[in-house]
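Report on one structure; see the data block that follows.
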Amino acid sequence: MSNILDLIKNIESDIITIRRTLHQNPELSNEEYETSRLVQEILTEYGIEFQSGFAETGVLGIIKGAKPGKTVALRADMDALPIQETNQHDHISKTPGKMHACGHDAHTAMLLGTGYALQQMRDQIQGTVLLVFQPAEENAPHGGSQKMMYDGVFAQYQPDVIYGQHVWPSLPVGQIGIRNKEMMGASDRFSVTIKGRGGHASMPQDGNDAIIIANQVISSLQTIVSRNVNPLDSAVVTVGRIEGGYRYNVIPDQVYFEGTVRTYKSEVKDKVKKRFHQIIKQTVEAFDAEVEIEYLDGYPATINTPKWAQQARATAQHMLGEEATPTLDPVLAGEDFSRFLNQYPGAFIWLGTQIEDAENQKPLHDPAFKLNEKALPQGSMYMAQLAIETLENLQEKE
């Protein structure tokens, strides 16, 4: 590990510079052309073989060890969010309405740092390490992971294990969050258009008020979790946006709303989805109105493989001490890495990046989100060490 530590120290300033460059130049999902170009330039500079063009902008770095063995993949996402940054530091986004508010700039920079260290240690590596730079993680429900796999990112090199790492602002620097199974939830999306009959506000008997109908539907949807889901299971039904009406004295003919469903267990998701459609259709029918429903099955739940979650925990404790991996609850936020885990064993990991002024730490996706850059070299070193130890573990099991 000391060798990795020395190597990462040599490029610590480079990792931070790369992250800041990406932060200043954010690109949205499926638009990561300059980000992809920068990744390829740095991989070339580091002497790392790569392939490109997966899901348009995705890149696969390939580090072949001097010794034969298995294959481990490490993934970083690259896209930003359509958010106007409100921070005041010297490397804020230069692009209006776009921001790296979820830390993908840090993920990309850290994986490049990891690649540098592993490339210098090829003579010690038993097997192959893949560096997966993924686009469009924020493009739910489609995402870039599935498209990369469709495009053959693992056609030549099939990973035996895959890991993903995400900055986590609720954890201080020096801590790493790992769970043996459930890490993050399934994230479905929906949109509903209720069609009534418009009219004058003073003559409601001549119309069919879409606002009244929408009110009944939205209230009834909340009974799914409270009355149809086992209290010991987790589920969320949230309506996040609603549009309807023209002016104060007009009964609207139409109301639109959209939101999200979050679950862990597939059977709970199926039950919630079924009741969602039943409640909406039957409520609208009772009001003699019409409805259009669009329900998009999004990212599945992010469920770690216990064996490789335990490996990730052991590596973290080896590096940072036994107190570095606190017990954490899962969250219902969605993550596109889940589709990689549906195909390959592995684990998703949270890296503590809480700023020193913890009381002012903003959450992910906030316009004032910041992260503690002291964690970035640590994240690079951790993933490099995890790749090496996992390859050694795989070799021992043969």
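Near the amide H of residue 362, within less than 5 Å, lie the amide hydrogens of 370, all on another chain or at least 5 residues away, with H placed in the peptide plane. Loop-located trypsin sites (Lys or Arg not before Pro) in segment 202-291 (DSSP state other than H, G, I, E, B) with a sparse environment of at most 10 neighbouring Cβ atoms within 10 Å: 247. The aspartates and glutamates within cross-link reach of residue 64, meaning a Cα-to-Cα straight distance under 12 Å and a gap of 8 or more places when in the same chain, are 49, 123. For segment 1-96, the relative contact order comes to 35 percent (Cα pairs under 8 Å, sequence separation of at least 6). Across the protein chains, with a 1.4 Å probe defining accessible surface, the residues 381, 110 rank 381, 110 from largest area downward.
Farthest towards the positive end of the charge dipole of the chain, among the residues 344, 10, 318, is the Cα of 344, using unit charges on the Cβ of Lys, Arg, Asp and Glu.
Name the residue from 277, 332, 302 whose Cα lies farthest towards the positive end of the charge dipole of segment 276-360, charges +1 on Cβ of Lys and Arg and -1 on Cβ of Asp and Glu. Sorting the options by dipole projection puts first 302. Projected onto their three principal axes, the Cα atoms of segment 274-314 cover extents of 60, 14, 11 Å, largest first. Here's the picture: charge each Lys and Arg Cβ at +1 and each Asp and Glu Cβ at -1 in the chain, and of 190, 50, 266 the one pushed furthest to the positive end of that dipole is 266. Along segment 134-142 the Karplus relation, 6.51 cos²θ - 1.76 cosθ + 1.60 evaluated at θ = phi - 60°, assigns HN-Hα couplings of 9, x, 6, 5, 7, 8, 5, x, 7 Hz to successive residues, with x for each Gly and Pro. Per residue, the chain reaches -11000 deg cm²/dmol at 222 nm when only DSSP H runs of four or more residues are counted, each adding -39500 (n - 2.57). Over segment 143-230, the hull volume per residue, using the convex hull of the C-alpha atoms, is 242 Å³. Taken about its Cα centre, segment 278-354 carries a charge dipole of about 620 debye when Lys and Arg each add +1 at the Cβ and Asp and Glu each add -1 at the Cβ.
Round to a whole number: what % of the accessible area of the chain belongs to carbon and sulfur, probe 1.4 Å? Answer for the chain: carbon and sulfur cover 46 percent of the accessible area.
Calculated from the alpha-carbon coordinates, segment 55-168 shows an Rg and a Dmax of 15.9, 49 Å respectively. A Gaussian network model of the chain, with springs between Cα atoms under 10 Å, assigns the largest mean-square fluctuation among 366, 123, 14 to 123. In order along segment 151-157, phi translates into HN-Hα couplings of 7, x, 4, 10, 5, 8, 10 Hz, rounded to whole numbers, per the Karplus curve 6.51 cos²θ - 1.76 cosθ + 1.60 with θ = phi - 60° and x for Gly and Pro.
Compute the acute angle (0 to 90°) between the alpha-carbon long axis of helix 104-120 and the principal axis of greatest extent of the alpha-carbon atoms of the chain; round to the nearest 10°. Compared with the principal axis, the helix lies near 20 degrees. For the chain, the Cβ-based charge dipole about the Cα centre amounts to some 760 debye (Lys, Arg positive; Asp, Glu negative; other atoms uncharged). The charge dipole of segment 1-117, taken about its Cα centre with unit charges on the Cβ of Lys, Arg, Asp and Glu (plus for the first two, minus for the last two), comes to roughly 420 debye.
Based on alpha-carbon atoms, the Kirkwood radius and the radius of gyration of segment 208-296 give Rg/Rh equal to 1.01.
With contacts taken as Cα pairs under 8 Å at a separation of at least 6 residues, the chain carries a relative contact order of 24 percent. Which pairs break 25 Å Cα to Cα here: 307/370; 70/181; 269/362; 94/362; 98/181; 273/362? Where the Cα-Cα span goes over 25 Å, the pairs concerned are 307/370; 269/362; 98/181; 273/362. Against the chain, whose longest principal axis comes from its Cα atoms, helix 266-286 is set at around 20 degrees.
Of all the options 367, 135, 252, the one that moves most in a Gaussian network model of the chain with Cα springs shorter than 10 angstrom is 252. When the chain is treated as a GNM with alpha-carbon contacts under 10 Å, the residue of 22, 60, 364 showing the greatest mean-square fluctuation is 364.
Compared with the dominant principal axis of the Cα atoms in the chain, helix 12-24 is inclined by about 30°. Computed over protein heavy atoms with a 1.4 Å probe, the accessible surface of the chain works out to 44 Å² per residue.
Just so you know, the Rg over Rh for segment 27-81 is 1.02, from Cα atoms, with Rh as the Kirkwood radius. Computed from phi, the 3J(HN,Hα) profile of segment 340-355 under the Karplus parametrisation 6.51, -1.76, 1.60 (θ = phi - 60°) reads 5, 5, 6, 9, 9, x, x, 7, 10, 10, 9, 9, x, 9, 4, 6 Hz, with x in place of Gly and Pro. Whole Å is fine, so just give me how far the alpha carbon centre of segment 147-168 lies from that of segment 75-145. First find each Cα centre; the distance between them is then 14 Å. Computed on segment 111-213, with alpha-carbon pairs under 8 angstrom and 6+ residues apart, the relative contact order is 14 percent.
The values are calculated or read from the model by the stated rules, or taken from the named source; none is laboratory data. Bear in mind that the values here come from a model prediction, so they are computed numbers and not experimental data. All Cβ positions, glycine included, derive from the backbone under ideal geometry; neighbour counts span all protein chains shown. Only protein heavy atoms, including side chains, enter the accessible area calculation; ligands, DNA and RNA are left aside. Shrake-Rupley method; radii C 1.70, N 1.55, O 1.52, S 1.80 Å.
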